[in-house]
């Protein structure tokens, strides 16, 4: 079963309308077993796709039960699929909803491809909503690729948990804020020195 992480990536690209460089912060989807591997995989994938520098601004776990990729399609569509299931504990029927992604040209096309992909689903289902997703690209594991969970991890390294990853990025944000404050103080000191020099010059 896939575990999907949405990675926000900041970089510069050429605006098709103006032909000028513009900064963007776009989401990508990657299949991984941890935040650590998600960051490593998205970095590796984008190194060959983005010519300049880029930074990963956010990573979060997202709950997509299925991703239906096709050879042809303009964009990704987020589909909500609902069906009636039986609760194993109580034996009562309950309504369950799952979210899936489909590559298609438009909403109608996504609806058709979704039904095509779920044609072998035994229980009846309905599709309450389909909306265009901001996801730029998706990087699943392909046949023959080995997930990091099956590889030997060096003893000095281990995957970060969700909380550890969040705490790490909070610390990085605090460090960035401290650096900005230090830079601001240095600029103020430099400004005071310049004013002092001007005063000295005027007394000569």
Return yes or no: is residue 23 surrounded by 12 or more Cβ atoms within 10 Å (Cβ to Cβ) and assigned to a strand (DSSP E or B)?
-> no
So which of 50, 56 is in contact (Cβ under 8 Å) with a residue 12 or more places away in the chain and in a loop (DSSP other than H, G, I, E, B)?
-> 50
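We did not get these values from a lab; they are worked out from the coordinates using the rules stated. Small disclaimer: the values here were computed from a predicted structure and weren't measured. All Cβ positions, even for glycine, are placed from backbone atoms using ideal geometry, and neighbour counts span all protein chains on display.
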